[in-house]
Structures are given as structure tokens and as C-alpha cells.
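The block underneath contains the structure these notes are about, expressed in C-alpha cells.
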Amino acid sequence: MVVADQYGENKKTIPIPNPTFFFRPAWSPDGKYIAFTDTDYNLWNVTIASSATKKVDTERYAHPTRSMNPVWSPDSKWIAYARLLDNQFKAIFVHNVETGKSTQLTDGLADCISPDWDESGKYLYFLASTDFGLSTGWLDMSSYNMPVTRGLYCMVLSKDDPSPLAPKSDEEEAKKEGSDDKAPDKKDAVTVKIDLDGLDQRIIAIDVPMRNYQGLAAIPKDHVFYLESVPNQQGATLHRYSFKDRKAIEFLKPVQSIAVSQDRKSLLYRSGGTWGIVKTDGGAVKSGDGKLNLDLKIKIDPQAEWHQIFKEGWRYMRDFLYVNNTHGAPWNDVYKWYSPWINQVRHRTDLNYVVDIMSGEVAVGHSYVSGGDFPDVKNIPIGLLGADLEEVNGFYRIKKIYTGENWNPDLKAPLSGWVWMSAKGIIYSKSMALHSKPRPILIACWKVQ
């Protein structure tokens, strides 16, 4: 791991055991730690000052959806994450960096994901599903088309703190003498306190409908964002719930990804090809608000980039294959065999070919190489044949109508389904009539793809 300033200078290199691929690095709010996960589903915590690296936890099973993502508490003393249990449900865990102890907070009877802390440190939000059981076998096709719904929950961590949804009093509070309405210049230091006794009775269901929620993000005090996957919509819908108003609003749609700033006041979002930054405490926004000008260009050295891509492809097979022995292929030697070929690559197709045959040394199915940067090639559309014509007494008549696979929109013949010919050769069409010889194109009805 290399830690540097925003200019890429003042670098500090921290060695990490078993170098591989790493995911979701998360800085602690005080800047003393970085937590992250790796290819082998380990959760790590690095102390920046001492370069000490500690393994926090390891996922119980490999799963394509990596849910064990670290989230720091406001006081930088706790890491919250979701981890698989033996029943294939996920539970919410917390790890204390001072004691080195990890604790399970939910009971494992529901599938829980995406924990996040309230700014005050009093609450931990998460999503949970009680109908996830039929979807636990992610590789088994019997779990296909089993819809999953989740609810939004709040965990009151300390037994001394009230519920954020407790009944409100209608009494007015008397204003103390000498006080004013100005906010304090400095916030009180946050200390997270977790009382395990009776914690299961302090988990509160927030009044939002059960939907296919995918993730959440806590923002300024008493608010939380949560993402809903909506059928037939490109991207998710971002909702924001307010504990003060006791209601949710549709904040932004569609979005592909979001990130909340460290001070929780700003939201970076991607909606289609648009990136933007908006305030988290304002009203609903739309795609394009706060748009960033990202008309950026970068110069590259193609040969250097192709060598890098080749090495990453080699590493993918080394680190993500389901067994460690690459089916007996001497993987370090394989790299030496094929890497010199990259010096002769002149096109992305050449690169894909070399990466493909290098991967073929493993002799495993479901291994594919495709994609990359290719030049734009102009697509010239052509018409599809709809019918054969014949001349009859100086007029054109449809002799044969070509049919297609009408159940497949991409293979439907242009005249099939709306022009019919009887056994006697009589043509019936709601929108077509016979024309004289000079205008047969009106009968052919070309369809442009």
C-alpha cells in the first residue's frame, strides 16, 4: 500500500501480507487507519503511523457479492461490516480496534447488509431481508427469479439513548436565560457506546415500504440515504429518510453509484454518463444538478498499457481461480512464456489473442477474453427483404411474403404479421394498395435496422 498526499508526493509504502487484489479502502475519520478487503475475503486494518497490518476477520464462504465492506464509526474506534454465517445469511458485526475483538450484533435469522453509522454515533443503520432464504444458493438455478425485499432498520447502540422514533412531546421547551439560537462553534466529541445487553430489543424497523434495497449511506444527523433497485429502470432510485420529519423523499433517480463526503454534507453521484455533486441536506435533485465538467483526456503509451493489461490478466487467473494450483500450470513460467509476445502487439485484437491463449494454459471452462478499446467503425444499415413481387397485367403483385421469428424482435420480417396473402393470391392489407408498375418500392416496404 502506498499512502501519499493529493499531489502524489510524500509517499509512504506499507507492506501487506500476500499481495493480491484489494477492495474498498476506507479511511478512519481521524486519519490513523485504513481498512480494506482482499481477493481471499479477508478484512484488514492498517495503522498508518506504525505500518502495522492486522487481519480483522475472514468471510466464511466465497460469494460473488462482496458484502464484507468496512465502515468506520465517527470516533474511529469501531469497524462495522456484514459477514456470512453458516446458514448463508449475513449478520452485522463490529470490530473494536482498541481491544481487537469482533462482535456479532444481529441474530442471523434475517439477511443483513450495508451497515452505516449515524453522525451522532448513537445509531447503526442497516438493511435486512426475511425472505432471502430461497436466494442463498446463488450458484443454484433454483434460486433464479426469487425476488428479495429488504427493510430499513435502526439499531440503538446504547441503552441510555432514546429511540429516534419515540413519540414526540407537544410541550414547548422554555428558553434558558442568556441563551441564543446560534449553533455552537465546535461539535462535542463523539464517543460510540455499544451495550450488548438487550440490543436485539433496540432494533427498530423504519416506516418505509419493503423493497429491493441495495445499499445505504448515513448523512448528517437524523438522516439516511438508501438505494432501491427498480425493475426495468437503468440505475437505482436514491431515497432519503428524515427522522425529524418521520418521512422519506425520492431524492434522485436514476443513479449508478454514490459517495458521501467525509463531513457528510456533499454527495457525489453518477447517473448514466453524468457525474455531479449536490448537497445532502437540500430538497430532491435531478440528474444533471451539480454536473461536473469531465471532458478529460489522458495520453498513454499503448505498449506500456498492453503490458500492464497482460499482467493483470495473468494475475486474475492466479488470484481468482477456484483452486490455487492453476490446474498444474507453472504459472510463473507461463508469464515468462507469453509476456515477450506483447512487444509485437499492434492492435487490441492482438492483445486479446495473447491473453486468451495464455489463459488457455489453465484448461478451464467459463474463461473468456473480450472487450477493450477499439476504433469506431461506421455502421451502415441495410434493408431486410420483405416480399417477392411479380408482374400481372401491368401491375405488381406480392407473390411471396417472407416470414421471420416474430417472437424475436430482432428477427422479425418487415411484412410478417401485418400483410397476408390468401390461398387464391388475394392480398389483404389495412394500409397497402396495389400500385402501377413504376412504384413497386411502396409494396416492398423496406425496413431499416
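The values are calculated or read from the model by the stated rules, or taken from the named source; none is laboratory data. Since the model is a prediction, treat every value here as computed from it, not as a measurement. With ideal geometry, Cβ positions are generated from the backbone for all residues, glycine too; neighbour counts draw on all protein chains shown.
From the list 272, 283, which one is at pLDDT below 95, surrounded by 11 or more Cβ atoms within 10 Å (Cβ to Cβ) and under 25 Å from residue 219 (Cβ atoms)? Walk me through it before giving the result.
Working: 283 fails: surrounded by 11 or more Cβ atoms within 10 Å (Cβ to Cβ).
Going through 272, 283 in turn, the sole match is 272.
Being touching a Leu at 6+ places or on another chain (Cβ under 7 Å) and surrounded by fewer than 20 Cβ atoms within 10 Å (Cβ to Cβ) narrows it down to one residue among 137, 108; which is it?
None of the others qualify; the one that does is 108.
Would you check which residues across the stretch 121-174 are touching a residue at least 40 places away in the same chain (Cβ under 8 Å) and touching a helix residue (DSSP H, G or I) at 6+ places or on another chain (Cβ under 6 Å) and list them?
137, 148, 156
Among (1) more than 30 Å from the chain's Cα centre (by Cα); (2) loosely packed, with under 13 Cβ neighbours inside 10 Å; (3) modelled with pLDDT of 90 or more, which single condition is residue 200 missing?
(1)
Determine whether residue 255 is in contact (Cβ under 8 Å) with a residue 24 or more places away in the chain and closer than 18 Å to residue 216 by Cβ. Don't jump to the end; show me each part of the working.
Working: in contact (Cβ under 8 Å) with a residue 24 or more places away in the chain: yes; closer than 18 Å to residue 216 by Cβ: yes.
So residue 255 passes the test.
Tell me which of these residue 49 doesn't satisfy, since it passes every other one: (1) within 23 Å of residue 315 (Cβ to Cβ); (2) over 20 Å from the mean Cα position of the chain (by Cα); (3) of a type in the set (Gly, Ala, Ser).
In the conditions (1) within 23 Å of residue 315 (Cβ to Cβ); (2) over 20 Å from the mean Cα position of the chain (by Cα); (3) of a type in the set (Gly, Ala, Ser), residue 49 misses (1) alone.
Name the single residue that is surrounded by the fewest Cβ atoms within 10 Å (Cβ to Cβ) among those in the stretch 206-239 being within 25 Å of residue 188 (Cβ to Cβ) and free of Cβ contacts under 8 Å to residues at least 60 places away in the same chain.
For the stretch 206-239, the residue satisfying everything is 223.
List the residue pairs whose Cβ atoms are under 7 Å apart, where the first residue sits in the stretch 342-371 and is within 14 Å of residue 317 (Cα to Cα) and in contact (Cβ under 8 Å) with a residue 12 or more places away in the chain, the second is surrounded by fewer than 18 Cβ atoms within 10 Å (Cβ to Cβ) and of a type in the set (Asp, Glu), and the two are 6 or more positions apart or on different chains.
Pairs found: 369/356.
Out of 52, 26, which single residue is assigned by TED's automatic domain parsing to the domain that holds residue 78, exposed (fewer than 14 other Cβ atoms within 10 Å of the Cβ) and of a type in the set (A, V, I, L, M, F, W, C)?
Being assigned by TED's automatic domain parsing to the domain that holds residue 78, exposed (fewer than 14 other Cβ atoms within 10 Å of the Cβ) and of a type in the set (A, V, I, L, M, F, W, C) holds for just one of 52, 26, which is 52.
Scan the stretch 250-269 for residues that are part of a strand (DSSP E or B), surrounded by 17 or more Cβ atoms within 10 Å (Cβ to Cβ) and charged (D, E, K, R) and jot them down.
253, the sole residue that qualifies.
Give the stretch 204-232 a look and list any residue that's in a loop (DSSP other than H, G, I, E, B) and among the hydroxyl-bearing types (Ser, Thr, Tyr), or say none.
Across the stretch 204-232, the qualifying residue is only 229.
Quick check, is residue 37 over 17 Å from residue 117 (Cβ atoms) and crowded, with 20+ Cβ neighbours inside 10 Å?
yes
Here are some conditions: (1) over 22 Å from residue 165 (Cα atoms); (2) touching a Cys at 6+ places or on another chain (Cβ under 6 Å). Residue 88 meets all but one. Which one does it not meet?
(2)
Identify, by number, the condition in (1) touching a helix residue (DSSP H, G or I) at 6+ places or on another chain (Cβ under 8 Å); (2) of a type in the set (Gly, Ala, Ser); (3) on the phi < 0 side of the Ramachandran plot that residue 372 doesn't meet.
The one condition residue 372 does not meet is (3).
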